[in-house]
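The values are calculated or read from the model by the stated rules, or taken from the named source; none is laboratory data. Because the structure is a prediction, the values reported are computed rather than measured. Positions of Cβ are generated from backbone atoms using ideal geometry, with glycine treated the same way; all protein chains shown enter the neighbour counts. The accessibility values were calculated without ligands, DNA or RNA, using every heavy atom of the protein model including side chains. Shrake-Rupley method; radii C 1.70, N 1.55, O 1.52, S 1.80 Å.
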Amino acid sequence: MKAVGVFPGRKEVGLLAHAAPERTAPDHVKIRTIEVGVCGTDREICTFDYGTPPEDSEYLVLGHEAVGEVVEIGPAVKGLKPGDLVVPSVRRPCIHSNCTPCRADRQDFCFTGDFTERGIKMTHGFMTELFVEEERHLNIIPKELKDVAVLVEPLTVAEKALAQIWQVQGRLPWMNGSPEPGHGRTAVVLGAGPIGILGAMALIVNGFKTYVYSRSAEPNPKADLVNSIGAKYVSAQQVPVKEFAKTVGHVDLVYEALGVADITFDVLKILGLNGVFVFTGIPRHKPAIPVEADNLMRDMVLKNQIIVGTVNADRPAFESAIRDLGVFKKRWPKAIASVISGRFPIDAYRELLLGKATGIKNVITIGSYS
Ligand SMILES: [Zn+2]
Ligand SMILES: [Zn+2]
């Protein structure tokens, strides 16, 4: 089979011949890959910053944002049948019996660090024609979402973040019990990439008045998209943080989807009373930058603030992402379709992974729906 992979030992990225996988356990499902999203993580793996092949392989097949069609099921598979559309999750539990999160299917909180991740860490990914997966790591997708299903995995970042936010803000009991828990509250999204835009959509659906603060000057297509869903785009290049703070007023929540510290710590200064700041981006290793640590510490205490970091996602986050994508598609059919900025054949992998980052979410089309 054709596959896109990296050889970290030889520092090479290439199209390779990968053996077709077989089902080896009764709960295994064989899936034909339809689409795979390309993201910053894939691009970073191609700079050999991280990304580890399986123990018995020289290469790692890339790709962790996939949608596929079930072609074969093992005898113990209960909830899936050939023809079903599925989105796999990414992280697989470690094997240690004392890792309570992994043993409770919460490998997103694995504390041994020995988890694996498909297409990232010690397990092949989905940028290939077929893959095999345990049923419990697959999420079924309604057929009417097939054209946007490749966005499920990136949307789980916001969904897990929101689940954490509701838990953290459970400390403010007067906030609980509303069907639109963000109603009357203001959120700031940092960054207008796919994680930021999908996060903004999720925040709006939950009732937040939402601003997206991102570097690029207006006008630009991402700003247009953001404004079209009822969020307000503000360019960090054109509006400094101090001025931005005046427009926004009280900031209840900041959802960081930028992966760089400088703007992020500037915006931390404008977080309001009882506010939550969620980090989702992973900065590259860089020299230290000056931070107004005393002022930030003072604010954190005097304003009851909380900073939460979040990585990976559990099954409920996938279920929420699938449900919300349905909501987004009804509410903003044009905007959600345009989050997918391009669909490319597998042979275009080099430009997508190693070329200049363009568009919002670029997708490699590998198979077609039956
Ligand atoms: Zn990704
Ligand atoms: Zn674990």
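Condition (residue is without any contact (Cβ under 8 Å) to a residue 40 or more places away in the chain and closer than 30 Å to Gly14 by Cβ) applied to the range 129-137: is it met by at least one residue?
There is no residue in the range 129-137 that is without any contact (Cβ under 8 Å) to a residue 40 or more places away in the chain and closer than 30 Å to Gly14 by Cβ.
Is there a residue being of a type in the set (Ser, Thr, Tyr) and under 20 Å from the mean Cα position of the chain (by Cα) anywhere in the range 140-158?
yes
Report the residue count in the range 68-113 for those that are more than 16 Å from ligand 2 (Cβ to nearest atom), open to solvent by less than 60 Å² (accessible area, probe 1.4 Å) and over 26 Å from Glu35 (Cβ atoms).
Qualifying residue count, the range 68-113: 1.
Identify, from the list Asp266, Asp299, Asp294, the residue that is open to solvent by 20 Å² or more (accessible area, probe 1.4 Å), acidic (Asp, Glu) and under 26 Å from the mean Cα position of the chain (by Cα). Can you show your working first?
Numbers: Asp299 fails: under 26 Å from the mean Cα position of the chain (by Cα); Asp294 fails: under 26 Å from the mean Cα position of the chain (by Cα).
Just a single option satisfies the conditions, and that option is Asp266.
Scan the range 287-296 and give yes if some residue there is more than 25 Å from Thr128 (Cα to Cα) and in contact (Cβ under 8 Å) with a residue 40 or more places away in the chain, otherwise no.
There is no residue in the range 287-296 that is more than 25 Å from Thr128 (Cα to Cα) and in contact (Cβ under 8 Å) with a residue 40 or more places away in the chain.
Residues checked against (1) in contact (Cβ under 8 Å) with a residue 60 or more places away in the chain; (2) open to solvent by less than 10 Å² (accessible area, probe 1.4 Å):
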{"position": "Val152", "(1), (2)": "yes, yes"}
{"position": "Ala161", "(1), (2)": "yes, yes"}
{"position": "Pro173", "(1), (2)": "no, no"}
{"position": "Pro179", "(1), (2)": "no, no"}
{"position": "Thr186", "(1), (2)": "yes, no"}
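Go through the range 43-62 and give me each residue that's surrounded by 15 or more Cβ atoms within 10 Å (Cβ to Cβ) and either without any contact (Cβ under 8 Å) to a residue 24 or more places away in the chain or of a type in the set (D, E, K, R) (or both).
Selection gives Arg43, Glu44.
Looking only at strands (runs of 3 or more DSSP E) that lie completely in the range 189-305, which have at least 2 residues being of a type in the set (A, V, I, L, M, F, W, C)?
251-256, 271-279
Condition check: within 16 Å of ligand 1 (Cβ to nearest atom) and within 22 Å of the chain's Cα centre (by Cα). Does Met127 satisfy that?
yes
How many residues does the range 2-38 contain that are small (Gly, Ala, Ser), out of contact with any helix residue (DSSP H, G or I) (no Cβ under 7 Å at 6 or more places or on another chain) and either outside any loop (DSSP other than H, G, I, E, B) or crowded, with 17+ Cβ neighbours inside 10 Å (or both)?
So the answer is 4.
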